[in-house]
Amino acid sequence: MFLINCPYCGERDQQEFKAGGEAHIERPKQPTELSDDEWAEYLFMRKNIKGVQFERWNHAHGCRKWFNMVRDTSNDEIKAIYKMGEKPPSQ
Amino acid sequence: MTKNLRVKSSEYIDETNRISFKFNGKTYHGFKGDTLASALLANDVHLVGRSFKYHRPRGIMTSGSEEPNAIVQVNPGTNRTEPNVRATEVEIYEGLEASSQNCWPSVEFDIGGINNFLSPFFPAGFYYKTFMWPASFWEKYEFFIRHSAGLGKSPTTTDPDIYDHRNVHCDVLVVGAGISGIMAAKNAAKNNFKTLLVEEKNELGGSTIYENNEFNKIDNKAPSEWLKKEIEELKNIKNLEIKTRTSVAAYHQYNYLLARENLTDHLEAKDKTNKIRQRLLKIRAKKVILATGALERPLIFNNNDRPGIMLSSAIKKYSEFYGVACGSKNVFFTNNDSAYESAISLYNKGINVEAIIDIREQSESKIVKKVKEAGIKIYWSHSIVDTTGYKRLNSISIMKLSNDGTSVTGSKISISCDCLGVAGGWTPAVHLYTQSGSKLKFDEEKKVFLPNQNTSEQISVGSCGGDFKIDEIIKNLNKKLKDTLNINETDLDSIKVEIDQENSKRNIWLLPSDKPLGKTKPFVDYQNDATAKDIKLALREGFRSIEHVKRYTTTGMGTDQGKLGNMHALGIIADTAGVKMGELGTTTFRPPYTPLTFGTIVGRNVGKFFDIFRRTPMNDWHVENKAEFENVGQWKRAWYYPINGETMHQAVQRESKAARESAGILDASTLGKIDIQGSDASEFLNRVYTNAWSKLAIGKCRYGLMLNEDGMVYDDGVTTRLGENHYIMTTTTGGAANVLGKLEDYLQTEWPELDVYLTSVTDHYATASLCGPNSKKILKKIIPDLDLSDENFPHMSFKEVNIGSIQCRIMRISFTGEHSYEINVQASYGKDLWEKCIEAGQEFNITPYGTETMHLLRAEKGFIIVGQDTDGTMTPIDLQMDWIVSKKKYDFIGKRSLYRSDTMREDRKQLVGLLTDDPNIVLEEGAQIVSELNQSPIEMLGHVTSSYFSPNLKKSIALAVVRGGKDMMGKKLFVPMENKNINVTVANPVFYDEKNERLNA
């Protein structure tokens, strides 16, 4: 059970949060101009890394804010947490 | 004729407090302070159970939670019965009853014992190999296997006890109150760390509290005396909370631990009532200090499982702590000095020790010399090759061990005995450590797995960290405490320790016998009857991974998780396969460390607290008017209102007719409501709905369809424009929370530039939906001042008015196809509003209807229900709702996906109406639809999604999804059922009032 440091509320139990999948996948600004393959890349393709992964999390039962997390999936170490729109920390 | 083996009074046993209890129907006596195991041993009862597979007689083996054999059913036949309880952990109380498990008709005479003689036919994987053919017979085999297997019996009546959960936060959690745990907790608390010390037993002090070895001294005192003084001092320390009878079950990441606190299990039945029995502590600790100790290992030799064969350390504890002699002719079998301490303990109490069999060549320690002086015979370099005694050990045979330890030589010596203490060294209890995700390393010299890489702020101290001698323990504990607590001095700095330094050990995982392995029974896992033979067989059959060997042989898969024998299993595999133990790794230790009751896990979330439920403000009225309810998400919704003993069908038919012929009223308060405000609110709606919103006038309503980015229908509902920058969106009842979450996601992450604010107001408003040709007249009675003309208040528009002093929002919208109004008031006025409507509607025979009638009425109109007629694979085009998809908008969620090659296929499943040729046959929802009956296999074209008998059309109607259904209008299809094929015709899904004339009726 993670202890997650919500950038708005501070340390809270994992129960209050919802994981939201891979981070930094931007919704295309002009979807209609994309080929089927390009759109499918955005829509379906996700990495599933063993190791350091960038993820979206939501403090669903708290402030409802979305934020990003850098997590090592091999040992669940949370390496960094940063707000939406902020630059990811360099590795 | 029971013997009393109580040898000498112990300060932990209150001999003035005599307690009677029953075991297998027979009454015995013990004293306050006894466990069931110590009390039985004092009565010379060793035989307590039968083994799982061979039904071999088994006795008490240990004195703690690692017990594999003595697992009993407590209070059988009562509502407090509990199976698989370790007799070594049950504190006795007046009236306690317990019985053996896995034996029939009794533990003394068990029919299943025949399995022992048939054991050559039950090798590892027996069930896998034997019952595979023919595959269809498995169901028959299973019936018999399930009846002959199994441990205790689950209770069959409601648990009378209360269970509880509690969140606990602390700076330092110390697990285990042996010498290391006590000193760690004391120093942490003294240095202002908020400290919690938990101990699974009812007494503090671990094994040191009865450690009276004269060669070990702490500050010139016997370790037990010294520790008692330390424990006494704990009481005066602030910041320290101590919980006994509290067992840590799980150690999760980020120092989150679950512990079970046992509050009433040791009390008499009359003292248990109305108290919390067990409490689950959910502990979040900044730092964790594991002081879980070590478990003594048995030795693996032929017939090492007979009642009377115990761990040497357990014999010592029964003698020193409980004042009980486990036998009158004791023998020890050892590979290290521990057994000598036990032997001296018995000797000092006048209990007879016949001999010590030691596989080492010699030992020069002081304690060994003391045993020699006591005149106890020691057989060096000898091993036990066999034991006898079916229900109780009566002799052992020993032979000289070869130099390499792989065979025995010379003549066999038989020694008569009734109790054998085995001492195979110590295994650090690293179970919790590994549960936390931390990694172990194998220590080749000590032959143990030790903590190596920690994943959270934690340390392992004492013997669970690999320190077995008191001087090592104190020295390393001191250093670790200073590092982890960041302190400069501790109470341990000035402690002087003297110990018996010798520490030799000879490790042989599987001891040889004079018989070939195939003819012997060296048990590795006592509870699951796995022998060394089974493990070797698994290796011969090609299993290599320790995880595979474990599952194939079931080694370590009992309720004790193989706490005693797992190391031997690993050792035997390593030796046989010729690999190093460190490379082999261990199997995974999983929570819980010892079994938990279901009560502890669920706590107070039972009965009506099992799940959250939500009720509307009108709920009391529905209850008073005998509504039947259905669960929709977490909501309890009125389903239908039967009167005069009506069936559901009769009630729904009546309600449906009334709503169309005069007036009906529905509690629609559960619909999700999201308040949307901000200067970009219109643009936001444009992006999340498929249709256009910019031109919606203030005071008007519009139906919207929301897609996922993959183009599939996600939710629907009516949104009303309340002001220039203000909308109220309604969602489906079940989708409300998810829709809000999804919209927030887009707002915060994709479109942060939009000035839009979302607020859930579902619970703030109560909604009564008034429908039918007389709804207008009823509303007029309630709000005489409001102009209800179509010109002033047309369909799909909104008015904010007052009913008396109550402000309300009225939308003229319809989910039934009838002229209707949805009246929203502040939730607290919901019931008033409802009752006003009912009263005003009296003269028009206003009929309350529930969700079932709502579904029927909308199906007559061909309106979809998201989640019933859709399943996450339907696009708006599939639903024949092209009209709601804007062609002009550049983008909206899901738009691009509507032009993917797959979503544009003509042969996708599409929503159609179905009419049965016989209008009285109502199709079953979910029924399959085919076009040909004579094919094999029959191709399935689709399925029925909604189906009702329409009282207004006087025929059966259905909605269905059918492959290529759009182009099948009028086509004959079939719905094959179990006993008949139903002929159906594809029809327009709008069955009733196709021209929408009734909306303005």
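The values are calculated or read from the model by the stated rules, or taken from the named source; none is laboratory data. Everything quoted here is computed from the prediction, not taken from an experiment. Neighbour counts are summed over all protein chains in view; Cβ atoms, including those assigned to glycine, are modelled from backbone coordinates with ideal geometry. Each accessible area value is taken on the protein alone, full model and side chains, heavy atoms only, with ligands, DNA and RNA left out. Shrake-Rupley method; radii C 1.70, N 1.55, O 1.52, S 1.80 Å.
A quick yes/no check of all residues on (1) at pLDDT below 95; (2) over 30 Å from B:Asn452 (Cβ atoms); (3) open to solvent by 60 Å² or more (accessible area, probe 1.4 Å):
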site	(1), (2), (3)
B:Glu583	yes, no, yes
B:Thr587	yes, no, no
B:Arg590	yes, no, yes
B:Phe598	yes, yes, yes
B:Pro617	no, yes, no
B:Asn625	no, yes, yes
B:Glu628	no, yes, yes
B:Lys636	no, yes, yes
*Working carefully through the options B:Thr731, B:Thr720, find the one that is buried (at least 22 other Cβ atoms within 10 Å of the Cβ), more than 23 Å from B:Lys895 (Cβ to Cβ) and modelled with pLDDT of 95 or more.*
B:Thr720
*Out of A:Gly20, A:Gly10, report the one residue that is away from chain B (no Cβ under 11 Å) and small (Gly, Ala, Ser).*
A:Gly10
*Here are some residues: B:Ile929, B:Ile982. Which one is more than 20 Å from B:Leu705 (Cα to Cα), under 45 Å from the mean Cα position of the chain (by Cα) and not hydroxyl-bearing (Ser, Thr, Tyr)?*
B:Ile929
*If you go through the range B:452-462 one residue at a time, do you hit one that is at pLDDT below 95 and in a strand (DSSP E or B)?*
yes
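Quick one: is A:Asn58 within 26 Å of B:Asn167 (Cα to Cα), open to solvent by less than 40 Å² (accessible area, probe 1.4 Å) and at pLDDT 95 or above?
yes
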*Answer residue from the range B:852-879, given it is hydroxyl-bearing (Ser, Thr, Tyr) and buried (at least 21 other Cβ atoms within 10 Å of the Cβ) and is nearest to B:Arg654 (Cα to Cα) among those*: B:Thr853
*What single numbered condition from (1) assigned to a helix (DSSP H, G or I); (2) among the aliphatic types (A, V, I, L, M); (3) more than 39 Å from the chain's Cα centre (by Cα) fails to hold for B:Leu481?*
(3)
_Options B:Lys286, B:Lys201; residue that is within 14 Å of chain A (Cβ to nearest Cβ), under 37 Å from the mean Cα position of the chain (by Cα) and open to solvent by 60 Å² or more (accessible area, probe 1.4 Å)_ = B:Lys286
_Condition met for B:Arg687 (basic (Lys, Arg), away from chain A (no Cβ under 14 Å) and open to solvent by 10 Å² or more (accessible area, probe 1.4 Å))_ = no
*Could you tell me whether B:Asp500 is open to solvent by less than 20 Å² (accessible area, probe 1.4 Å) and farther than 19 Å from B:Ala291 by Cβ?*
yes
*Residue count, the range B:392-406 (criterion: in a loop (DSSP other than H, G, I, E, B) and either closer than 30 Å to B:Phe109 by Cβ or touching a Ser or Thr at 6+ places or on another chain (Cβ under 9 Å) (or both))*: 6
_Residue check, B:Asn503 touching a residue at least 12 places away in the same chain (Cβ under 8 Å) and within 14 Å of chain A (Cβ to nearest Cβ)_ = no
*Which residue, of B:Leu779, B:Leu833, is open to solvent by less than 20 Å² (accessible area, probe 1.4 Å) and under 47 Å from the mean Cα position of the chain (by Cα)?*
B:Leu833
*Where residues in the range A:61-77 are touching a Cys at 6+ places or on another chain (Cβ under 9 Å) and either facing another protein chain (nearest Cβ under 10 Å) or outside any loop (DSSP other than H, G, I, E, B) (or both), which of them is least open to solvent (accessible area, probe 1.4 Å)?*
A:Phe67
*Residues (in contact (Cβ under 8 Å) with a residue 60 or more places away in the chain and over 44 Å from the mean Cα position of the chain (by Cα)) located in the range B:403-432*: B:Gly405, B:Thr406, B:Ser407, B:Val408, B:Lys412, B:Ile415, B:Ser416, B:Cys417
_With the requirement that a residue be touching a helix residue (DSSP H, G or I) at 6+ places or on another chain (Cβ under 8 Å), of a type in the set (Phe, Trp, Tyr) and within 20 Å of B:Ile474 (Cβ to Cβ), what does the range B:194-252 give you?_
B:Tyr210, B:Phe215
*So how many residues does the range A:38-59 have that are part of a helix (DSSP H, G or I) and at the interface with chain B (Cβ under 10 Å from one of its Cβ atoms)?*
6
*Restricting attention to the range B:204-221, and to residues there that are of a type in the set (A, V, I, L, M, F, W, C) and in a loop (DSSP other than H, G, I, E, B), which single residue is most open to solvent (accessible area, probe 1.4 Å)?*
B:Phe215
*Determine, yes or no, whether B:Val961 is open to solvent by less than 20 Å² (accessible area, probe 1.4 Å), away from chain A (no Cβ under 14 Å) and closer than 30 Å to B:Val718 by Cβ.*
yes
*Which residue out of B:Asp620, B:Asp611 is of a type outside the set (A, V, I, L, M) and outside any helix (DSSP H, G or I)?*
B:Asp611
*Kindly indicate whether B:Ile572 is part of a loop (DSSP other than H, G, I, E, B) and open to solvent by less than 60 Å² (accessible area, probe 1.4 Å).*
no
*Looking at this structure, is B:Asp882 within 30 Å of B:Glu750 (Cα to Cα) and away from every other protein chain (no Cβ under 14 Å)?*
yes
*So which residues in the range A:1-48 are open to solvent by less than 30 Å² (accessible area, probe 1.4 Å) and touching a residue at least 40 places away in the same chain (Cβ under 8 Å)?*
A:Phe2, A:Ile4, A:Cys6, A:Phe17, A:Gly20, A:Ala23
*Can you tell me which residues in the range B:247-271 are away from chain A (no Cβ under 14 Å) and over 19 Å from the mean Cα position of the chain (by Cα)?*
B:Leu263, B:Thr264, B:Asp265, B:His266, B:Leu267, B:Glu268, B:Ala269, B:Lys270, B:Asp271
_Looking only at the range B:891-909, and only at residues there that are under 41 Å from the mean Cα position of the chain (by Cα) and not in a loop (DSSP other than H, G, I, E, B), the one that is nearest to the other protein chains (Cβ to nearest Cβ)_ = B:Ser897
